[in-house]
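Asks: Got a structure here, written out as structure tokens. Questions coming.
The values are calculated or read from the model by the stated rules, or taken from the named source; none is laboratory data. Predicted, not measured: the structure shown is a model, and the values here were computed from it. Here the Cβ positions follow ideal geometry from the backbone for every residue, glycine too, while neighbour counts run over all protein chains shown.
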Amino acid sequence: MPNGFLLSRALLKFQTDSEGLLAELSAVTRAPDGNLWLGSDEFTTLERLSPMGDGVYGNHKTFHLQDFIQLSDNESEIDIEGLDYCDGYLWVVGSHSFKRPQAKGKKQHKDIQRLSEIEHDPNRSLLARLPILNGEIVHTYALSDNKGNTLTAASLKQVNGHNLLLEALAEDEHLGLFLKMQLPSKDNGFDVEGIAVSGNKIFLGLRGPVLRGWAIILEIEVEDAEPGTLTLKDLGGGCLYRKHFLDLNGQGVRELCLHEGDMLLLAGPTMEVEGAMQVFRLEDVLEHTNDTLWGQESGRLKVLFDIPFIIGTDHAEGLTLVPCLGYDDALMVVYDSPDDERRPDPKSIFSDIFRLPKQTNDA
């Protein structure tokens, strides 16, 4: 599959590169007002950039999540891995993963010990919605005088150091064992990387586990339980989630983005592996009421293009649709561990904008 056609690049200008923010960008979404919202897998903040013209985004502002929703603590990372905008809300999801410390390469015996340790930051089990008003995150605002038409900040209920989603998945025939073993994300453990929202439907892409080459997208719905708290909605017969299995050439999901009723998926290696990344399209994802399994021979799941690959740098992490050079919908990609060539100065970074291939009707 050929590399994607690079339409342009956007220059993202920040006020600061505090603690390496620009090297850790992991999620992006564009709101209807043109603002970009970005997250990092090492922070508990969201960043807003506004369009300045000529492909430049600036007027950087930082929002601290603990100012709007209840976090487990204000210190540990959320590991933000997905953002999406829908119907006045900015949705944010953490990785929900366990982690194994890295070997530092200084003292061998300490590195061996570190590789035996498994850690969990409760903040990683975050799924939250945040009302957006005039480019600002707010606690609440009324769309009309109707009391039932008010947007409010809320997050999925926390239980026993994690949330209701992990509680529901604990006995799942495919995912439960990975959670009980507390298998770290980089060891093909449970790892959310990507969110896409349409109305009541929330899709969560899993980087891992990949089961015999099959990647997984979870589908859930949420509803208000009490002020500031969400619960999982029964999808029918006591089912709290659906699973969609996909043949992504053995790769896991790294990001999701809805486009005209289809799902655009960024796929890449699970575990701590360097490898090529690809963009897929899964057609008609909003139509299903059961678990599904999609192979590429179905004609509904297609590879669109490869993301140019450099070992050690430019790990594609975030996707969002943007208008570009006459195209209403082009695909912006932001990168974790960006190549130095993307950094024209310490506070700026280039993202890529790819042309989406035209859709065809062939099966």
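Asks: Looking only at residues that are under 16 Å from LEU127 (Cα atoms) and among the polar types (S, T, N, Q) in the range 57-70, which one is surrounded by the fewest Cβ atoms within 10 Å (Cβ to Cβ)?
Replies: Taking the range 57-70 as the starting set, the residues that turn out to be under 16 Å from LEU127 (Cα atoms) are 64-70.
Now narrow it down to the ones that are among the polar types (S, T, N, Q): 66, 70.
Details: GLN66: 15, GLN70: 13.
Among those that are under 16 Å from LEU127 (Cα atoms) and among the polar types (S, T, N, Q), it is GLN70.
Asks: Okay, next question. Of the conditions (1) outside any strand (DSSP E or B); (2) under 30 Å from LYS302 (Cα atoms); (3) hydrophobic (A, V, I, L, M, F, W, C), TRP37 clears all except one; give me its number.
Replies: So the condition that TRP37 fails would be (1).
Asks: Free of Cβ contacts under 8 Å to residues at least 60 places away in the same chain and under 26 Å from SER95 (Cβ atoms): does that describe GLY312?
Replies: yes
Asks: How about the range 287-306: which of its residues are modelled with pLDDT of 95 or more, outside any loop (DSSP other than H, G, I, E, B) and not hydroxyl-bearing (Ser, Thr, Tyr)?
Replies: LEU293, TRP294, GLN296, GLU297, LEU301, LYS302, VAL303, LEU304, PHE305, ASP306 - these are the residues of the range 287-306 that are modelled with pLDDT of 95 or more, outside any loop (DSSP other than H, G, I, E, B) and not hydroxyl-bearing (Ser, Thr, Tyr).
Asks: Of the residues ASP234, ASP187, ASP262, which single one is more than 23 Å from GLY88 (Cα to Cα) and either of a type in the set (Lys, Arg) or surrounded by 14 or more Cβ atoms within 10 Å (Cβ to Cβ) (or both)?
Replies: Just one listed residue meets the conditions, ASP187.
Asks: Can you go through ASP87, ASP73, ASP54 and tell me which one is exposed (fewer than 15 other Cβ atoms within 10 Å of the Cβ) and in contact (Cβ under 8 Å) with a residue 60 or more places away in the chain?
Replies: Testing whether each residue is exposed (fewer than 15 other Cβ atoms within 10 Å of the Cβ) and in contact (Cβ under 8 Å) with a residue 60 or more places away in the chain leaves just ASP87.
Asks: Additional query: Looking at the range 144-192 only, could you name the residues that are within 30 Å of GLU274 (Cα to Cα), in a loop (DSSP other than H, G, I, E, B) and not aliphatic (A, V, I, L, M)?
Replies: ASP172, GLU173, HIS174, GLN182, PRO184, ASN188, GLY189, PHE190
Asks: State which residue pairs qualify: first residue more than 12 Å from MET263 (Cβ to Cβ) and inside the range 290-304, second residue assigned to a loop (DSSP other than H, G, I, E, B) in any location, beta carbons under 7 Å apart, and separation of 6 or more residues or different chains.
Replies: Once the first residue is more than 12 Å from MET263 (Cβ to Cβ) and sits in the range 290-304, its partners that are assigned to a loop (DSSP other than H, G, I, E, B) give GLY299/ALA363; VAL303/MET1.
Asks: Can I ask one more? Considering only the range 240-274, state which residues are among the hydrophobic types (A, V, I, L, M, F, W, C) and modelled with pLDDT under 95.
Replies: Here is the first cut: in the range 240-274, the residues among the hydrophobic types (A, V, I, L, M, F, W, C) are 240, 245-246, 248, 253, 256-258, 263-267, 271, 273.
If the condition is that a residue be among the hydrophobic types (A, V, I, L, M, F, W, C) and modelled with pLDDT under 95, then MET271, VAL273 are the ones that fit.
Asks: Would you confirm whether any residue within the range 190-201 is in contact with a helix residue (DSSP H, G or I) (Cβ under 9 Å, 6 or more places away or on another chain), more than 22 Å from THR140 (Cα to Cα) and hydroxyl-bearing (Ser, Thr, Tyr)?
Replies: No, every residue in the range 190-201 fails to be in contact with a helix residue (DSSP H, G or I) (Cβ under 9 Å, 6 or more places away or on another chain), more than 22 Å from THR140 (Cα to Cα) and hydroxyl-bearing (Ser, Thr, Tyr).
Asks: To continue, here is another question. Quick one: is ASP84 part of a strand (DSSP E or B) and not polar (S, T, N, Q)?
Replies: Yes.
Asks: Are there any pairs, at least 6 apart or on different chains, whose C-beta atoms fall under 6 Å, with the first in the range 155-168 and closer than 20 Å to PHE68 by Cβ and the second assigned to a strand (DSSP E or B) and aliphatic (A, V, I, L, M), and if so, which?
Replies: Pairs that qualify, where the first residue is closer than 20 Å to PHE68 by Cβ and the partner is assigned to a strand (DSSP E or B) and aliphatic (A, V, I, L, M), are SER155/ALA128; LEU156/LEU127; LEU156/LEU230; ASN163/LEU156; LEU164/LEU156; LEU164/LEU232.
Asks: I'd like the residue in the range 124-143 that is part of a loop (DSSP other than H, G, I, E, B) and of a type in the set (A, V, I, L, M) and, out of all such residues, is modelled with the lowest pLDDT.
Replies: As a first pass, look at the range 124-143 and keep what is part of a loop (DSSP other than H, G, I, E, B): 125-126, 134-135, 138-139, 143.
Retained after the next criterion (residues that are of a type in the set (A, V, I, L, M)): 126, 138, 143.
Numbers: LEU126: 96, VAL138: 97, LEU143: 84.
Restricting to residues being part of a loop (DSSP other than H, G, I, E, B) and of a type in the set (A, V, I, L, M), the top hit is LEU143.
Asks: Then there's this: For the range 269-280: of the residues being part of a strand (DSSP E or B) and free of Cβ contacts under 8 Å to residues at least 60 places away in the same chain, which is farthest from ILE217 (Cα to Cα)?
Replies: That would be MET277.
Asks: What number of residues within the range 245-259 are surrounded by 22 or more Cβ atoms within 10 Å (Cβ to Cβ) and either touching a helix residue (DSSP H, G or I) at 6+ places or on another chain (Cβ under 6 Å) or part of a strand (DSSP E or B) (or both)? Step through it out loud before you land on a result.
Replies: Let us first name the residues in the range 245-259 that are surrounded by 22 or more Cβ atoms within 10 Å (Cβ to Cβ), namely 246, 248, 251-257.
Next cut, either touching a helix residue (DSSP H, G or I) at 6+ places or on another chain (Cβ under 6 Å) or part of a strand (DSSP E or B) (or both) only: 246, 252-257.
Residues in the range 245-259 being surrounded by 22 or more Cβ atoms within 10 Å (Cβ to Cβ) and either touching a helix residue (DSSP H, G or I) at 6+ places or on another chain (Cβ under 6 Å) or part of a strand (DSSP E or B) (or both): 7 in total.
To keep it simple, each residue is scored yes or no on (1) under 30 Å from LEU36 (Cβ atoms); (2) small (Gly, Ala, Ser).
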{"site": "TRP91", "(1), (2)": "yes, no"}
{"site": "PRO101", "(1), (2)": "no, no"}
{"site": "ILE112", "(1), (2)": "no, no"}
{"site": "GLU119", "(1), (2)": "no, no"}
{"site": "PRO122", "(1), (2)": "yes, no"}
{"site": "SER125", "(1), (2)": "yes, yes"}
